[in-house]
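Every number here is computed from the coordinates shown, using simple stated rules; none is lab data. Fair warning: this is a prediction, and the values are worked out from it, not measured in the lab. We place every Cβ from the backbone using ideal geometry, glycine too, and count neighbours over all the protein chains shown.
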Amino acid sequence: MAISTFLYGLLGVMILFILFNRFDRSNPYVGGGIRINPFPFQLRNEHRRILENYFTFYKNLDAPSKKLFESKLARFIRAKTFIPRKMPKVTAEMKVCISASAIQLTFYLPDVYLNHFRYILVYPDEYYSVITRKFHKGEVNPRHQAIVLSWKAYVEGFAANEGINLGLHEMAHALHLENTIRNEEFDFLPKEELRTWDRMAADEINKINQGGHPFFRLYGGVDTFEFFAVAVENFFERPQAFQDYNSKLYYVLSRILNQNPSNMV
């Protein structure tokens with residue numbers, strides 16, 4: 001009887017030990033000494049050097065956040081098919097910089113990788129769309145699961161830092177659409193903040209279409225999707241000016257994206 005009681009007690013202790021270690025995220029070992037890798041996707045050294053040379057958002061992160069950014073970036077690159085258009089190939093620099101724009105936007109949104117959009121098409125310059133019969137610098141096509149970019153326009157926007165950034169603009173469109181597409185990433189943005197954003201955005205769009213705007217460029221007045229993308233560009237590139245113009249609008253977008261770029265400047 002005593003032996004049975006002892007064995008049951010020992011079994012109970014072992015079960016508690018296993019459960020404790022399974023749910024204690026600070027413990028790097030789970031069952032049998034298997035180490036959990038907090039960054040399962042490893043970025044190639046070549047890609048890390050590109051980030052270090054060109055991507056300010058990444059350079060402003062602390063060391064643990066840089067590791068997380070690298071892991072998320074490696075996962076994003078691995079999940080997408082990069083397709084060159086009117087040029088020989090999509091270079092490593094193109095892949096890293098374009099993908100880093102997506103990670104910058106989604107960095108503080110857990111497990112959001114724009115999964116619906118499997119293809120990233122890269123043109124060297126503006127391209128003619130047979131669908132719209134117009135020349136474009138970029139677009140997002142949910143039907144074809146594609147994000148399309150002009151590399152020249154991407155570089156120009158990235159270098160200017162004046163609130164016009166093609167990479168952030170198109171990734172903002174993809175994010176906005178991804179939130180409405182019924183897949184494993186569906187409905188991840190906060191509903192109440194989105195409702196508040198829509199109300200406030202309508203006022204800003206009216207200002208744009210009534211003869212100009214003191215802050216946002218004219219293209220933001222096309223519709224709510226374009227306004228969101230234009231606002232995202234300014235949110236990251238001119239955060240202090242955005243706050244000075246309309247702090248309430250800025251902080252609603254900050255809650256939607258779960259980050260505040262002005263804290264990183």
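Remarks
- Backbone phi angles across the stretch 165-174, fed through the Karplus curve with coefficients 6.51, -1.76 and 1.60 (θ = phi - 60°), yield HN-Hα couplings of 9, 4, x, 5, 4, 6, 5, 5, 4, 4 Hz in residue order; Gly and Pro are listed as x.
- Take the Cα radius of gyration of the stretch 131-242 and divide it by 2.2 N^0.38 Å, N being the number of residues; the result is 1.09.
- Highest mean packing comes first when the peptides 140-149, 199-208 are listed by Cβ atoms within 10 Å, giving 140-149, 199-208.
- Trypsin sites (Lys or Arg not before Pro) within the stretch 210-265, DSSP loop, no more than 16 other Cβ atoms inside 10 Å: R217
- Under 5 Å from the amide H of I83 lie the amide H atoms of I120, L121, V122, each residue being 5 or more positions distant or on a separate chain, with H modelled from the backbone and absent for Pro and chain starts.
- Angle between the chain longest axis and helix 151-160 axis [Cα atoms, degrees, rounded to 10]: 90
- Charge tally for E184 (other residues, Cβ to Cβ under 13 Å; Lys, Arg +1; Asp, Glu -1): -3.
- Helix 63-79 axis, angle to the chain major axis (alpha carbon atoms, nearest 10°): 70
- When the alpha carbon gyration tensor of the chain is reduced to an equivalent ellipsoid, its three semi-axes come out at 41, 23, 18 angstrom, largest first.
- Rounded to the nearest 10 degrees, the inclination of helix 224-237 to the longest alpha-carbon principal axis of the chain is 70 degrees.
- Percent of C-alpha pairs per 5 Å bin, the stretch 60-193, short to long: 2, 10, 20, 23, 21, 15, 7, 2, 1, 0
- Within the chain, helix-based [θ] at 222 nm, where runs of 4 or more DSSP H residues each add -39,500 (n - 2.57), nearest 500: -17000 deg cm²/dmol
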